[in-house]
Amino acid sequence: MTAEQPDEPGAATPEAATPEVPAPPPVIVDEVLASLRRLRGRTRVRVRAGLLGEAVEAMTAVGFQVARFDSGDGVLGRLREIIPQDARVVYQPCAAGRALQVHEVLRAEGRDIVVLPDDAERVGQNGSWREHLLGAQFGVTGATALVADTGSVALAEELGFGRAASNVPPVHIALALADSVVETILDAAVIARGYAALHLDRPLPRYLSLISGPSKTADIGFQLVPGMHGPRAAHVLIWDHPKGTGTGDDALRTWVLA
């Protein structure tokens with residue numbers, strides 16, 4: 001037998017075979033729209049029976065500070081109370097925030113607010129986002145859904161900036177519209193799937209956060225300590241205003257946005 005000779009310097013090395021990655025399943029938009037239409041119809045009936053009130057009770061029970069407002073001015077007023085002037089804020093654009101021009105209002109009043117990229121933007125690697133997040137005192141996001149059964153805020157997204165804004169600063173504020181409420185986590189998953197299919201052209205979003213109150217742990221001495229692994233305070237501000245009306249395709253596309 002002849003021993004194999006080592007490759008000479010600079011000799012080409014055979015490339016290893018690259019395993020095939022299965023393609024993601026196709027996004028079946030008609031099926032997604034049909035699922036959303038059924039869910040929206042069912043949820044409307046439950047909302048008339050007090051589903052939003054049940055969600056507020058459940059969110060309060062898990063530690064959220066929850067407030068409902070008939071007007072956008074009420075939401076802005078509560079934001080001013082929570083976030084002092086000169087505070088550092090990171091803001092993930094959302095439906096309620098856009099409608100109320102939240103970042104323009106807060107910035108005009110002297111708060112240092114950084115607007116994070118949303119999923120419609122194409123963002124490369126940029127270390128400055130980390131610096132802004134670590135230096136922020138408040139994180140403001142939207143809410144893809146409010147889950148009545150568990151008192152959770154669901155947040156579906158592609159880039160993960162909302163996840164960071166809801167976890168890194170010591171105070172998280174979620175801005176929600178009234179028709180974001182659903183009964184169960186499975187319902188929230190239907191909306192998340194709808195968001196991915198209708199806005200990202202993907203079968204599922206890259207991130208789905210389920211936030212159930214502020215961070216807390218009792219690992220050490222069975223003493224409950226807030227803020228160990230995330231925000232020590234979490235607010236949900238609900239504006240009694242719909243994202244959209246009806247069950248047409250365009251209305252459903254709007255409904256699944258945070």
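The values are calculated or read from the model by the stated rules, or taken from the named source; none is laboratory data. Values in this document were obtained by computation on a predicted structure and should not be read as measured data. Cβ atoms come from the backbone with ideal geometry, glycine included; neighbour counts cover every protein chain shown.
Overview of values
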item: Failed criterion for Asp118 (all others in (1) surrounded by 15 or more Cβ atoms within 10 Å (Cβ to Cβ); (2) in a helix (DSSP H, G or I) hold); result: (2)
item: Sole exception among (1) surrounded by 21 or more Cβ atoms within 10 Å (Cβ to Cβ); (2) of a type outside the set (Asp, Glu); (3) within 18 Å of the chain's Cα centre (by Cα) for Arg98, by number; result: (1)
item: Selection status of Thr247, more than 22 Å from His103 (Cβ to Cβ), polar (S, T, N, Q) and modelled with pLDDT under 95; result: yes
item: Filter result for Gln65 (buried (at least 22 other Cβ atoms within 10 Å of the Cβ), under 18 Å from the mean Cα position of the chain (by Cα) and of a type in the set (S, T, N, Q)); result: no
item: Index of the failed condition, Ala196 passing every other in (1) more than 18 Å from Gly244 (Cα to Cα); (2) touching a strand residue (DSSP E or B) at 6+ places or on another chain (Cβ under 6 Å); (3) in a helix (DSSP H, G or I); result: (2)
item: Pairs with Cβ under 6 Å, 6+ apart, first in segment 53-67 and among the acidic types (Asp, Glu), second surrounded by 19 or more Cβ atoms within 10 Å (Cβ to Cβ) and not in a helix (DSSP H, G or I); result: Glu54/Ala148
item: Asp86 being touching a residue at least 24 places away in the same chain (Cβ under 8 Å), surrounded by fewer than 18 Cβ atoms within 10 Å (Cβ to Cβ) and in a loop (DSSP other than H, G, I, E, B); result: yes
item: Near pairs, Cβ below 6 angstrom, 6+ apart or cross-chain, from segment 192-209 (of a type in the set (Ser, Thr, Tyr)) to any residue that is outside any loop (DSSP other than H, G, I, E, B); result: Tyr195/Ala156; Tyr207/Glu157; Tyr207/Arg163; Ser209/Leu155; Ser209/Arg163
item: Flag for Arg98 being at pLDDT 95 or above, charged (D, E, K, R) and in a helix (DSSP H, G or I); result: yes
item: Options Pro93, Pro169; residue that is in contact (Cβ under 8 Å) with a residue 60 or more places away in the chain, part of a loop (DSSP other than H, G, I, E, B) and not hydroxyl-bearing (Ser, Thr, Tyr); result: Pro169
item: Residues satisfying the stated conditions in segment 153-186, i.e. more than 16 Å from Gly213 (Cβ to Cβ), buried (at least 22 other Cβ atoms within 10 Å of the Cβ) and of a type outside the set (Phe, Trp, Tyr); result: Ala156, Glu157, Gly162, Ala164, Ala165, Leu175, Leu177, Ser180, Val181, Val182
